[in-house]
Every structure is written in structure tokens, then in C-alpha cells.
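To start, the structure under review is shown below, and the notes come after it.
The values are calculated or read from the model by the stated rules, or taken from the named source; none is laboratory data. Keep in mind it's a predicted model, so treat the numbers as computed, not measured. Cβ placement follows ideal geometry from the backbone for every residue including glycine, while neighbour counts extend to all protein chains displayed. Heads up: the accessible areas ignore ligands, DNA and RNA and are worked out on the full protein's heavy atoms, side chains in. Shrake-Rupley method; radii C 1.70, N 1.55, O 1.52, S 1.80 Å.
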Amino acid sequence: MTNFDAIIPVRLNNIVKRYGRRTVLDGVSLDVTRGITGLVGPNGAGKSTLVRSILGLVRLASGQARVFGIDPYRAPRRVRQIVGVVPEDECTIPGLSGVEMVRYAARLSGLPSTEALRRSHEVLDWCDAGQERYRPVETLSVGTRQKVSFAAAIVHDPDMIILDEPTNGLDPIERQAMLGRLTTLAKDHGKTIFVSTHVLPDVEAICDQVIVLAGGRVRLTGTIDALTKPPQPEHHLVGIGPLKNLAAKLSERGLTARVEIRETESIISLVSPNPENINTVWAAAAETGVSIRSLSPATRPLEDIFIETLRQSEQVSNKQDQTLRGSH
Amino acid sequence: MPLQDVGYRPWNKKRCGPSTTIWVIALTGIRLAWESRWLRRMVFFAWSPALIFAASFFAFEQAVDEGRLTSLGTAAQRGRNLDGVGMLGTVLADALGGNDGDVDVQTTRHLVWTRLLLAFMRAPQAMLLAAVLGLVAPTLISRDLRAKAWLIYFTRPVGRAEYILGKSLILFLLVLVITMLPALALWFTGVLVSPSVSVAFETWDLPIRIIAASLILAIPTVFLALAYSSLTAESRIASFAWFATWVACWIAHGALTTADLVASTQDGGVSTVLSATKADQASRSSKIEVSPLRRNFRWFARAAGIDTGQDRWAWVSPYHALGAVQAAIFGIDTRPSSWWPSSMTLLLMSVSSLVILSWRITAPASS
């Protein structure tokens, strides 16, 4: 283990996991850096298996995994001491109340009895669990169960928190609150957060880095800023009036512009003007009778990037299939 | 909004070790199991046979105190011939053997207490143990599989060994509460009702034998029950498998023993199967004419360890195998041919159950 490895929260090197003949993870290599990282992918992409491989919960066919430089297969106890997990499945112990559940998790993580109880109440307070914490877990609402599950994952103050679909079943207010807690843990307490989810707006809202997994392979990885930035700087102009005329006028004046029709409105996408050309835009708008509502730097929606990446990966897979059939 | 929301605070104090984890799993498991009204009733009921046995201890010590031991033995012997004796009578008749002369009180007491304790652990307690384990054990692992609670354990610093030991400890504690504790209480009661406290020194080995016999009872049964629980997410199936094992093996044992009895009857009625020794057999044959009622009583007597006849098919049934090994531990029947095959059965039961547990409970998971 090098010092560099110990700094990186998660490093996976060419890991392969097979269930029978089906390859679920096919040579996955990635680094999860500090901050919040989102793991996105379609159903069956291998996200849950990837999460389990980080914890050493599945036997790998090949490859290496390191969590803060520790091999989870050689020293699983050490890894699980510094990692907290919110599993996707609603795993509970029927008969225990919410607070007992969190306390049990704390005790299993090695906290002494009194300390475990004190801290359970503390984190449940922080998660806004209220008096429902005294009810048996199997009778709790989905949202409260999720809070209890989250509290159980952070009660032992782990360095890294892994969450599998953390906003499943939460109403919009609870969802916002959950995302807020994750941001607080990452920004104020220096925790590394690794979120596996389908909900792209969640990833866009809180993540620093995103990893797209499809067909058991990493298809795309990078920071949100870098991925959502268009290939060349662009601005989007939203306005009311004859946008086609405005686009033509701008092109006449040397500013490449095109009209894009979206679901709810039309916009003009134009190559980012220099500060001195801004007046040209205002003047052209005034001449064509368009009232500008906003002019802002353009970003590519994560959803578009995700869908595009999946399409590309499908095309690659199809080509590979055809090549294989041809060779047979 | 809580009154004292201190927010999220770091925690970096010293953590407890794996042995604490085992206790945490065990105590939480007991707490959850104890919520079952049926378990509470059964554990309460499991102590009630101890009252009957305590009365036997009292009756025996009263006879010793009043110097009526010889006459009691003679009466017991007569009573046994008339099929009208109870448990204490049978034990006394065996212990005194119709001896009309002076009786060595110390030796007789040791023998009678040993027989009574063995009978207590065999007949009521072992059967109650099967019932209590059948109630608690099937849910212990199958419920975790069903509720996916295994992720709660194995995403935390809990290893396979701690998990298995924690779950086993739940059952061990229950088994000890319904077998070892009442048996020790009986021995203590015996000392209290005896004429002198020095009796405790005369019978000092009995508590050790009780502990050893309880452990022999607990280890294979607990592991077998847990192995069944780990094989399915449906606790009902595990329950069925547990009870089916006891009943089916008991029936198989009964069938084989009956076949032996029939064969021995056809051979002239001298059974080497039932006799403890040839001399004992000869002595019994000369004195006792076994009536049909007595023959019917024999199954209980043998199950309870009161009848010391050799049971060559004991290894077929876990219940009878446990009895044979416990009889050896209490020094009632120490012939290797009596306990060796049975101890092999129990060893095989324990080892195969542990292999199943290790195979089913994997961290990292095999699939």
C-alpha cells in the first residue's frame, strides 16, 4: 500500500465479478475521490455488485479493491469500521424499534453500550426522526425507515458513507433534507460519500464526481462541471418573440446562433459572445422585437449525457456481438 | 424538533472487540425471542418437572434421616414387581437391589441422586429442550435471510464466526436455563434437605457432571437447529425439519429396538440387548416376571435413563444418543459399547451442522 493509495477513498483496479456465466462487472477500474461521488447506471448495470465489492461482500473473479488503501478482502473488519452503508434493500430486524435498530448497529460497529444509546439518539435527532423512533421498524413509514437506515450507517462516524438509492420512497421535502444532510457530511465533516442512484437530478444537485456504469463497465467518469460543460462555450438565450428572426440577425452579425425547440419553450443557442459583443445581442433583439428573458452560459443536462453514453455503449456492444457472430 | 439537537458530532473513542459483538448479537436475539409469549410459557413450564424431582430428593433424604432406607428399598423392590412404583421407587429398587442388610448411605445417596438427576435431564428436560429450540431456533437465521438483515451484520465489522457464535449463544443460554440451571438447583435442593451440609462434599462431582451433560445436550442440538435455520428463508420449513428429525429418528429407533426384542423373544427370552450385565440379567430374570404393563413402562424408563439396559440402536436417534452419552457422563453406564457409537452420532451431527453453517453464512458472500 502506498501513501497515495491511502489518500484515495476507493480504488478499484480491473475487477471482474461473474455470477455463473454472466459477467456482472467486466474489468471495472475507477477511483472515488473525496467529496460526493454519484454512481449511475441502468437497472442491471452492476451498481449494487460494485458497492458490495467495495465492502468485500462478493468474491471477485479477478482484480483488486482498496478502501483508503486497505484491501477489503484481506482486512474486511478494518474496512467496515471506517465505512457506513445504507443498503438499497429494506433490511431491518423485525421486533426492534427505530432507536434500538440504530443502537444495535452502533454496538455491532464496536461502540460501548451507553455511548451507543446516546449517539443513536443524537444521530436520530439530526436525521429528524422524531418520536417515531420508538415504534417497531416494520411498522415505520418508508421515509422514516430510510432515516433509521441512514442513522444506522453514520452512527459510528465512518470516514466514508455508501448509499444505495438513498432517496427511494422519500417525498420531495424529505428528499431535499436527505440531500442536505449528505452535503453537510461531505462539506462540513469531510466525509466521502458514494451514492448509487437512478435519480439524476439528485446526482446533479449534490455530486462532485459522477461515474456511469453500464453493462458491467465504466462508460463515463468525471466531475459534474466537466461533463455538463458543452464542447465549446455556449450561451442560451430565452426570449419572447420571433426567435428565428433574431437567430438570423445574429448570424448576419458574426455570432453563430441556432434555434432549439424544447418541450416547453424555444431557445437560441449561440456560441458564447465576447463581453464587447453583448451589446450586439441586445441590439439585434430590439431590432427583431424579441424581449430577452434570460441569457446564461449553457450546460448540458446530465440526463442527456447519460442517455447518450448508454446509446454509445449499446452500439459498441452490438458491434462486438456482430463481430463475435461473424467469427463463429 | 428535538429539545437538544446537537447536530452531527464526530466520534473517535476506543471501540469494543469481537467478543462484545458476540454478546450483543446473543442478548439482542434473546430479547427478541423473549417477546414470544409461548417461549415464556415454555421456559416457565420447563422448571415445573424440577418440583416433582425435588419431592423425590426430599422423600429419599427423609427416609435416610428416619433410618428407613432399607425398608424403603424393600418396598420399592416389591412395588417394582407389582408395577406400582414411581420414579423414585424404580431408582431405589435399582440402587438397593433388594438388599435386606445394612445399606451404605453415602454410596446409595450418590447413586440415587445421580439416577434422579439423569432421569430429570433425560425425560422432561430433553423433550422440552426439543420443543423450545423448535420454537426459537428456526427463525434465528432464516428471518435474517428473509428480511435481508444479513447486510446489517456484514456491512459492519462482524465476521462469520461472530455471527454464528452470537446466534448459537442465544440457544445455548436457553438450553442451559432449561436444563443445567434446574438440575443444579435440584442438587442444591438435595443438599438443603439432607441431614448435613457435608453431603455437598460427598456429591461434589454431580454439579460437574450436570454441566458436562448439559453441554453435551446443547452443542449438537444447537448447531443442528441453526443449520436447519440457515438452509431456508422460511422458518416454518426449518421448524418442520427440526421436529421431523426428532420424530423420524425416534420412530426408527423404536422400530429397530422392537425388532431386536421380537428376535430375542423368539430366541428363548434371554435378552442380551436389555441387560446391563449378564449377572444383572440373571438376577432380574429370576426375580421379575415382566408384566405387559411393566413392558409398556419400559420405553419411558429407558428414555429417562432409569433402565440401564444397553440400547444398541441409541445412535440412530439423536434423543437416545444424547441419553447414552449422558448416562456415561453420570457414570451410570460407562461401557464404551454403550456410549461410543452415540457419541460418534453426536459428533457427526455437530460437525456436519457447522459445515452447513459455514457454507451458508459467508462473508464475503459466495454469490
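Observations
- Entries in A:Lys17/A:Lys147; B:Lys14/B:Lys148; A:Lys17/A:Lys191; A:Lys47/B:Lys148; A:Lys147/B:Lys148 that, when Cα-Cα distance is taken, lie over 22 Å: A:Lys17/A:Lys147; B:Lys14/B:Lys148; A:Lys17/A:Lys191
- Its Cα centre serving as origin, the protein assembly as shown has a Cβ charge dipole (Lys and Arg +1, Asp and Glu -1) of approximately 840 debye.
- Within the protein assembly as shown, DSSP assigns beta bridges of which about 65% are antiparallel (rounded to the nearest 5).
- Computed from Cα atoms, the angle from the helix A:243-252 axis to the main principal axis of chain A rounds to 70 degrees.
- Alpha-carbon centroids, segment A:278-322 and segment B:133-182: separation in whole Å: 57 Å
- All alpha carbon pair distances within segment A:96-251 were sorted into 10 Å bins beginning at 0; the resulting P(r) in whole percents reads 10, 30, 26, 16, 9, 5, 3, 0.
- The accessible area of B:Thr28, taken with all protein chains in place and a 1.4 Å probe, comes to roughly 30 Å².
- With DNA, RNA and ligands ignored, accessible area of A:Arg300 (1.4 Å probe; Å², nearest 10): 70 Å²
- Among the protein heavy atoms of segment B:104-192, carbon and sulfur supply 70% of the accessible surface, probe 1.4 Å, non-protein parts ignored.
- Each distinct pair of alpha carbons in segment A:230-297 adds a 1/r term; the inverse of their mean, the Kirkwood radius, is 11.7 Å.
- Environment charge at B:Lys148 (Cβ cut-off 10 Å; Lys +1, Arg +1, Asp -1, Glu -1): -3
- Ranked order, B:Phe53, B:Phe45, B:Phe240, B:Phe172 - accessible area, probe 1.4 Å, largest first: B:Phe240, B:Phe45, B:Phe172, B:Phe53
- Based on Cα atoms of chain A, Rg over Rh with Rh as the Kirkwood radius reads 1.08.
- Here the relative contact order of chain A, from alpha carbon pairs under 8 Å that lie six or more residues apart, stands at 18 percent.
- Tensor-based shape of segment A:7-52 (alpha-carbon gyration tensor, a/c under 1.5 rounded, otherwise prolate or oblate): oblate
- Test item: Cα-centred dipole of segment A:230-297, Lys/Arg +1 and Asp/Glu -1 on Cβ, debye: 100 debye
- Projected onto planes of every orientation and averaged, the convex hull of the alpha-carbon atoms in segment B:109-153 covers 4.3 nm².
- For segment B:118-225: rounded, prolate or oblate by the Cα gyration tensor [a/c cutoff 1.5]: prolate
- Built from the Cα atoms of the protein assembly as shown, the convex hull projects on average onto 45.3 nm², one quarter of its surface area.
- For chain A, the longest principal axis of the Cα atoms and the long axis of helix A:172-189 meet at an angle of about 80 degrees.
- Exposure rank, largest accessible area first [B:Phe223, B:Phe60; 1.4 Å]: B:Phe223, B:Phe60
- For segment B:171-229, the fraction of alpha-carbon pairs in successive 10 Å shells from zero, as %: 23, 41, 23, 10, 3
- DSSP bridge analysis restricted to segment A:10-227 gives an antiparallel fraction near 55%, rounded to the nearest 5.
- For the chain pair B and A, the interface hides roughly 4200 square angstrom of accessible area in total, found with a 1.4 Å probe.
- Relative contact order (%) - criterion: Cα under 8 Å, at least six apart; region: segment A:230-297: 49 percent
- Candidates B:Leu256, B:Val6, A:Ala248 compared by Cα position along the dipole of the protein assembly as shown: farthest toward the positive end lies B:Leu256, with charges placed on Cβ.
- With Cα atoms, 0 to 90° folded angle of helix A:113-126 axis to chain A main axis: 20 degrees
- Annotation: amide H-H contacts under 5 Å for A:Lys229 (H modelled 1.01 Å from N, sequence separation of 5 or more, or interchain): A:Arg300.
- Overall, segment A:1-134 carries a charge dipole of about 700 debye about its Cα centre when +1 sits on the Cβ of Lys and Arg and -1 on the Cβ of Asp and Glu, all other atoms neutral.
- Think of a 1.4 Å ball rolled over the protein heavy atoms: the protein assembly as shown then has 46 Å² of accessible area per residue.
- Net +/- balance of residues flanking A:Gly84 in space, Cβ distance below 10 Å, scoring K and R +1, D and E -1: +1
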